[in-house]
Amino acid sequence: MNLLITGGAGFIGSNLIHHVIGQSGVAKLVNLDCLTYAGHLANLETVSTHPKYVFEQVDLRDKSETCRVVEQHQITHVMHLAAESHVDRSITGPGDFIHTNVVGTFNLLEACRAFWSRNTHPATRFHHVSTDEVYGSLGATGLFTEATPYAPNSPYSASKASSDMLVRAYHHTYGLNTVITNCSNNYGPFQFPEKLIPVVIQSVLARKPIPVYGDGLNVRDWLYVRDHAEALWCVLTRGKDGETYNIGGHNEWANINIVQLICDTVDEFAPQLGGSSRKLITFVKDRPGHDRRYAIDAGKIERELGWTPAHKFEDGIRETIRWYLDNQAWVKTVSQKH
């Protein structure tokens with residue numbers, strides 16, 4: 001396959017590229033990324049000279065350039081991750097989320113539809129990578145399944161729900177071979193320092209207040225990014241045409257418990273900081289429309305494709321904290337683009 005990964009310089013995308021570039025089925029891997037504040041080529045230094053790897057700095061909002069990339073590189077498979085993804089930013093500036101996540105996805109679908117209709121390659125596939133936030137909020141019990149009705153509550157999740165529906169429509173209307181995955185919260189190396197886990201780590205190291213929304217009891221299911229990369233490859237290569245697969249980590253944690261665990265683990269790894277880092281925890285006004293709980297039922301991908309997460313949260317979070325402690329130069333570099 002000639003594989004196009006969009007958003008490959010971002011957090012999940014760069015981990016995905018590291019995972020798939022050595023796969024025997026990949027003849028060429030094209031990374032399309034417009035390098036916003038959250039995209040960093042520093043994430044890909046170890047693969048930048050790989051003979052399969054090509055980088056294209058292109059914005060999906062540019063339809064002609066998106067078409068050029070698909071045609072020039074004779075793309076047969078797409079893993080579409082490029083998106084504005086930070087809920088807080090979607091609340092203060094929703095326009096970028098609509099243009100990038102909805103219009104950008106439309107442009108990419110159109111580019112693939114046009115090219116694939118003229119070139120009868122025996123195998124093509126469009127894999128859209130989405131989020132569990134499209135399902136809205138859960139109560140104290142229950143799990144999101146692939147049949148859960150969409151009920152997005154933020155401009156971010158609404159934009160992702162819209163792009164999911166576009167992909168579904170292109171499958172049913174034009175016959176594109178598509179798969180959609182909806183994943184729970186990712187964590188791990190190369191995550192931009194605006195998300196919960198790296199924010200807490202950096203706050204502890206700087207001895208600054210650790211902001212926790214509301215009462216801290218909002219619950220998320222956490223998925224180690226390298227497990228996610230494996231699941232995405234599994235769905236791309238073995239998922240059924242037109243299907244949706246939920247990808248979860250089987251790791252439900254309340255935000256406050258995660259914050260406390262990070263504080264204790266950093267204290268263990270860096271005792272020279274002095275004193276309990278839990279004293280830095282500061283409760284702040286809750287985010288508008290803050291969903292109370294997300295939890296994924298990942299039974300379908302396990303039953304049909306045999307995937308299960310390999311990392312327990314307690315192990316993955318230790319690896320993640322250690323990575324951030326060992327890569328403070330990376331944190332400093334990427335934070336300068338904030």
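Quick notes on this structure:
- Checked against (1) among the hydroxyl-bearing types (Ser, Thr, Tyr); (2) buried (at least 16 other Cβ atoms within 10 Å of the Cβ); (3) outside any helix (DSSP H, G or I), THR141 passes all but a single condition, namely (2).
- From SER162, SER154, residue being surrounded by 19 or more Cβ atoms within 10 Å (Cβ to Cβ), closer than 22 Å to ALA38 by Cβ, hydroxyl-bearing (Ser, Thr, Tyr) and touching a His at 6+ places or on another chain (Cβ under 9 Å): SER154
- Which numbered condition THR237 fails, given (1) closer than 24 Å to LEU143 by Cα; (2) modelled with pLDDT of 95 or more: (1)
- Of the set (1) out of contact with any His (no Cβ under 9 Å at 6 or more places or on another chain); (2) over 16 Å from ALA161 (Cα atoms); (3) at pLDDT 95 or above, all apply to ILE98 but (2).
- THR100 vs. criteria closer than 25 Å to VAL235 by Cα and among the β-branched types (Val, Ile, Thr): yes
- Listed here are the helices (runs of 4 or more DSSP H) enclosed by segment 225-338 that have at least 1 residues being in contact with a Cys (Cβ under 8 Å, 6 or more places away or on another chain) and surrounded by 18 or more Cβ atoms within 10 Å (Cβ to Cβ): 225-238, 299-305.
Residues are listed down the side, and each one gets a yes or a no for (1) under 23 Å from THR181 (Cβ atoms); (2) without any contact (Cβ under 8 Å) to a residue 40 or more places away in the chain:
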{"site": "ALA254", "(1), (2)": "no, yes"}
{"site": "ILE262", "(1), (2)": "no, no"}
{"site": "PRO271", "(1), (2)": "no, yes"}
{"site": "ARG278", "(1), (2)": "no, yes"}
{"site": "ARG293", "(1), (2)": "yes, no"}
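- Test for THR76: is it within 22 Å of GLY239 (Cβ to Cβ) and either crowded, with 17+ Cβ neighbours inside 10 Å or in contact with a Ser or Thr (Cβ under 7 Å, 6 or more places away or on another chain) (or both): yes
- Counting only helices (runs of 4 or more DSSP H) that fall entirely inside segment 32-98 and contain at least 2 residues that are β-branched (Val, Ile, Thr), the qualifying elements are 63-72, 87-92.
- For TYR135: the one exception among (1) buried (at least 19 other Cβ atoms within 10 Å of the Cβ); (2) in contact with a helix residue (DSSP H, G or I) (Cβ under 6 Å, 6 or more places away or on another chain): (2)
- Restricting attention to segment 112-131, the residues that are of a type in the set (Ser, Thr, Tyr), in a helix (DSSP H, G or I) and buried (at least 21 other Cβ atoms within 10 Å of the Cβ) add up to 0.
- Of the numbered criteria (1) under 14 Å from the mean Cα position of the chain (by Cα); (2) at pLDDT below 95, the one ARG220 fails is (1).
- Count of segment 110-133 residues which are within 13 Å of the chain's Cα centre (by Cα) and of a type in the set (S, T, N, Q): 2
- Members of segment 139-157 found to be touching a residue at least 60 places away in the same chain (Cβ under 8 Å) and farther than 15 Å from CYS183 by Cα, listed by number: GLY139, ALA140, GLY142, ASN153, SER154, PRO155
- Of all residues making up segment 1-46, the number that are of a type in the set (Lys, Arg) and crowded, with 19+ Cβ neighbours inside 10 Å: 0
The values are calculated or read from the model by the stated rules, or taken from the named source; none is laboratory data. Remember, it's a predicted structure, so these values are computed and weren't measured experimentally. Please note: Cβ atoms are built from the backbone with ideal geometry, for glycine as well, and neighbour counts cover all protein chains shown.
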